[in-house]
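Taking it in order: structure first as structure tokens, then the write-up.
Please treat every number below as a calculation from the coordinates, not as lab data. Here the structure is a predicted model, which is why all the values come from computation and not from measurement. Cβ coordinates were reconstructed from backbone atoms using ideal geometry, including for glycine residues, and neighbour counts include every protein chain displayed.
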Amino acid sequence: MIDPFGRRIRYLRVSATDRCDFRCVYCMGEDMSFLPKADVLSLEELERLCRAFVRRGVRKLRITGGEPLVRRNIIHLFRGLGSLLDGGGLDELTLTTNGSRLAWLAADLVACGVRRVNVSVDTLDPVKFRAITRRGRLEVVLEGLAAAKAAGLGIKINTVALKGVNDDEFDRLVAWCGEEGFDLCLIETMPLGDVDGDRTAHYLPLSRVREQLSRRWTLLPSNHATGGPARYVEVAETGRRIGFITPMTHNFCESCNRVRLTCTGLLYLCLGREDCADLRTPLRAGESDIPLLAAIDAAIARKPKGHDFVIDREHRRPALGRTMSLTGG
Ligand code: SAM
Ligand code: SF4
């Protein structure tokens, strides 16, 4: 699949559910209304959709959410998709998780062919962790990380940089990741979805974080690239990488190789835009994949060139109404 700007689309991110056991302050409101179950694709439908994308050239699948591991029987989806690794067209099957169920599922994920996992940890302080996630327990996530490590999974920690919340912890997080053998990815808050409270108050440009880190650590330029929005450095003292995801301060759209599928079968062509294509209708039209493949081709043909995120300081409105938990982070 090649879009109108010559970008080859090889990466599909799939939100397997919009539900979550946490309510992170930057991601959700306290009282979330989730999608009616009837609107959500079955795991079999999600697998069929993913298989259609792999037929069209997608080589990497990331299952995300919401929290993918809270969806009942999610391992069935991983098992089905894992069968596409090793010669079935897929190079990598991975996931992004809050880690709350990893202690139970890490070994099963490995058995399905998952080799790496991204786990979100914004703080190593249990009290702050509770405040940010509104209901999560840090020790459960740390147990999940230990299980993932023991099962042999490669681990990258995702940390959203929040001014006045975790901006005193970045050195500690870099040191911890070094000790544990994790990579780290720092993320700027993105203006997605209405959350309670004022998001602009916690917006922290990563240029500032990088400058702060470079006082304590030797940050070596790294040419590691995933086609995604992260720019990487290597920390000389730990040998681990740090990625900086800066959608607000950099334009990374030229190399974008990805599209995003929601659990209701909407295909978002860009995280920063509202435009999407309905794949549920062609999926449910019948057993033939021909209408579905045609709908995928038509959607890719209208992938936009880029986005224009802004945190609207004047009106304090999100740039987009939908939350990250719908489209997947
Ligand atoms: N529940 C899983 C988790 O938290 O890792 C997967 C889904 S979550 C939406 C994916 C990533 O998006 C997480 O690392 C989360 O911190 C990040 N995220 C959510 N809302 C965000 C926002 N408004 N700005 C920046 N990152 C956000
Ligand atoms: Fe749930 Fe992940 Fe959103 Fe936190 S960031 S509320 S864990 S979906």
Output for segment 157-246: GluC sites (Glu not before Pro) sitting in coil per DSSP, at most 16 other Cβ within 10 Å, listed by number, reads E237
Around R210 (Cβ within 14 Å, Cβ-to-Cβ, excluding R210; K/R +1, D/E -1) the net charge comes to 0
For segment 63-75, Karplus couplings with θ = phi - 60° (6.51, -1.76, 1.60), whole Hz, Gly/Pro x = 8, 9, x, x, 9, x, 7, 8, 6, 4, 6, 4, 4
Amide H partners (placed H, <5 Å) of R19, local residues excluded = E67
Counting only Cβ distances under 4.7 Å between cysteines, those in the chain with no partner are C20, C50, C112, C177, C185, C253, C256, C263, C270, C276
Go ahead and run the numbers for FRET between D275 and K149, Cβ-Cβ distance against an R0 of 56 Å, rounding to 0.05.
-> 0.90
In nm², the average projected area of the convex hull spanned by the Cα atoms of the chain is 15.8 nm²
Tensor-based shape of segment 14-56 (alpha-carbon gyration tensor, a/c under 1.5 rounded, otherwise prolate or oblate) | prolate
In segment 250-297, trypsin sites (Lys or Arg not before Pro) in a DSSP loop with at most 10 other beta-carbon atoms within 10 Å = none
What are the residues whose amide H is under 5 Å from the amide H of V14, where those residues sit 5 or more places off or on another chain and H is modelled from the backbone?
-> R62, I63, T64, L261
Can you list, bin by bin at 10 Å, the percent of alpha carbon pairs in segment 154-310, starting at 0?
-> 10, 31, 28, 20, 9, 2
Dipole of the chain, Cα-centred, from +1 at each Lys and Arg C-beta and -1 at each Asp and Glu C-beta, to the nearest 20 debye?
-> 520 debye
Which shape class applies to segment 234-297: rounded if a/c is under 1.5, otherwise prolate when a/b exceeds b/c and oblate if not, where a ≥ b ≥ c are the square roots of the Cα gyration tensor eigenvalues?
-> prolate
The extension gain from D91 to E139, computed as 0.36 nm times the residue separation minus the Cα-Cα distance, is 14.0 nm
Net charge contributed by nearby residues that have their C-beta within less than 11 Å of L35 (K/R +1, D/E -1) = 0
What full-extension length gain, to one decimal in nm, is calculated for E44 and R115 as 0.36 nm per residue of separation minus the Cα-Cα distance?
-> 23.3 nm
Too long at a 30 Å Cα-Cα cut-off: which of K37/K128; K128/K156; K60/K303?
-> K37/K128
Neighbour-count ranking [beta-carbon atoms within 10 angstrom, fewest first] of F22, F170, F5 = F5, F170, F22
Under a Cβ-Cβ cut-off of 12 Å, what is the net charge of the residues other than Y232 that fall near it, where Lys and Arg count +1 and Asp and Glu count -1?
-> +3
When a/c is below 1.5 the answer is rounded, else prolate if a/b is larger than b/c, else oblate, so apply that to segment 61-171 with a ≥ b ≥ c taken from the square roots of the Cα gyration tensor eigenvalues.
-> prolate
Evaluate the Debye formula for segment 1-131 with equal point scatterers sitting on the alpha carbons, no solvent, and hand back log10 of I(q)/I(0) at q = 0.15 Å⁻¹, in q order, two decimals.
-> -0.78
Helix 102-111: inclination vs the chain longest Cα principal axis, degrees, rounded to 10, gives 50 degrees
Which distance in nm do the two modelled labels at S255 and V127 give, with both placed 7 Å along the Cα-to-Cβ direction?
-> 4.1 nm
For V174, V70, what ranking results if the residue with the fewest other Cβ atoms within 10 Å of its Cβ goes first?
-> V70, V174
Give the order of W176, W217, W104 when sorted by the count of other beta carbons within 10 angstrom, beginning with the fewest.
-> W104, W176, W217
Simple spin-label estimate for E180 and D297 in nanometres, 7 Å along Cα-Cβ = 4.6 nm
